[in-house]
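The values are calculated or read from the model by the stated rules, or taken from the named source; none is laboratory data. Everything quoted here is computed from the prediction, not taken from an experiment. For neighbour counting, all protein chains shown are included, and Cβ atoms are generated from backbone atoms with ideal geometry for every residue, glycine included. Accessible surface is based on the protein model in full, side chains and every heavy atom, while ligands, DNA and RNA are left aside. Shrake-Rupley method; radii C 1.70, N 1.55, O 1.52, S 1.80 Å.
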Amino acid sequence: GAEPQRSNDRLYMQLLAFGGCADPAAVARELGRLPVEHVVYNDLNDPNGIGILAISRDPNEFIDVLQPRLRQPPLSHLVQKPEFTMFGRTYSLGYEPDLDETLIQRPRRTVLNADWRWAVWYPLRRSGAFAQLPADEQRRILAEHGAIGMAFGAGDYAHDVRLACHGLDRSDNDFVVGLVGKELFPLSAVVQSMRKT
């Protein structure tokens, strides 16, 4: 009995990884002058590495605003790690009661929450075998998968951002998944648990 909802509004996110950064705070200050919302991460695997997550409803801002700034000093000295670049858009599953909350507000709150200082970002492609399963079997598997994620979220251990990247990812992945939280261990544990489903 619910009324159908439609929205052309999406939130786009791009993760860029760089090496050669001696001062991540300086990068954050420089980017703070731009109208594009962003997060600057330290890279756990590279003492001089950072990740920049840029967020916008308008994908043109990544090309017209962010990229020109990254080509100018003092940001132009950063060494990009293109193999870690990820780009995606928010999407709905079709049963959410509030599309603006699902597509815009919740993902923004998740990535911009200063208390959730750890993040794990990775691309994901579903296997062809999964796509060939009957729809009911796919729903059962995804429900089990989702229940694990919701349990971690309800306990404030891990919060997710799921982005569709069909046609946007150079490796032809289907999704970009971001897990964000206060501590690192639960983010790794949720990935471990979900791989079983």
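Could you work out the helix-only [θ] at 222 nm for the chain, with each DSSP H run of four or more residues adding -39,500 (n - 2.57) and the total divided by the number of residues, to the nearest 500 deg cm²/dmol?
Using -39500 (n - 2.57) per qualifying helix, the result is -8000 deg cm²/dmol.
Computed with a 1.4 Å probe over protein heavy atoms only, the accessible surface of the chain comes to 59 Å² per residue. The H on the amide N of Arg57, modeled in the peptide plane, is under 5 Å from the matching H of Tyr12, each at least 5 residues off or on a different chain. Considering only alpha-carbon pairs that sit under 8 angstrom and 6 or more positions apart, the relative contact order computed for the chain is 22 percent. Please report, as a whole percent, how much of the solvent-accessible surface of region 46-197 comes from carbon and sulfur atoms (probe radius 1.4 Å). Looking at region 46-197 in its full context, I get 54 percent from C and S.
Relative contact order of region 37-86: what whole-number percent is it, with Cα pairs under 8 angstrom and at least 6 residues apart? Kindly include the intermediate steps, with their values, before the conclusion.
On the way: 28 pairs, mean separation 11.3, N = 50.
Rounded, it is 23 percent for region 37-86.
Here the gap between Ala154 and Arg6, fully extended at 0.36 nm per residue and compared with their Cα-Cα distance, gives a gain of 50.5 nm. The label point for Ala26 and the one for Asp64, both projected 7 Å from the Cα toward the Cβ, are 3.1 nm apart.
Evaluate E = 1/(1 + (r/R0)^6) for Phe185 and Glu144, where r is the Cβ-Cβ distance and R0 equals 22 Å; express this FRET efficiency to the nearest 0.05. For Phe185 and Glu144, the calculated efficiency is 0.50.
Rolling a 1.4 Å probe across all protein chains gives Ser171 an accessible area of roughly 60 Å². Rounded to the nearest whole Hz, the Karplus-based 3J(HN,Hα) values (6.51 cos²θ - 1.76 cosθ + 1.60, θ = phi - 60°) of region 65-77 follow the sequence 10, 6, 4, x, 5, 5, 8, 10, x, x, 7, 5, 7, with x at glycine and proline.
Computed with a 1.4 Å probe over protein heavy atoms only, the accessible area of Thr102 comes to about 40 Å².
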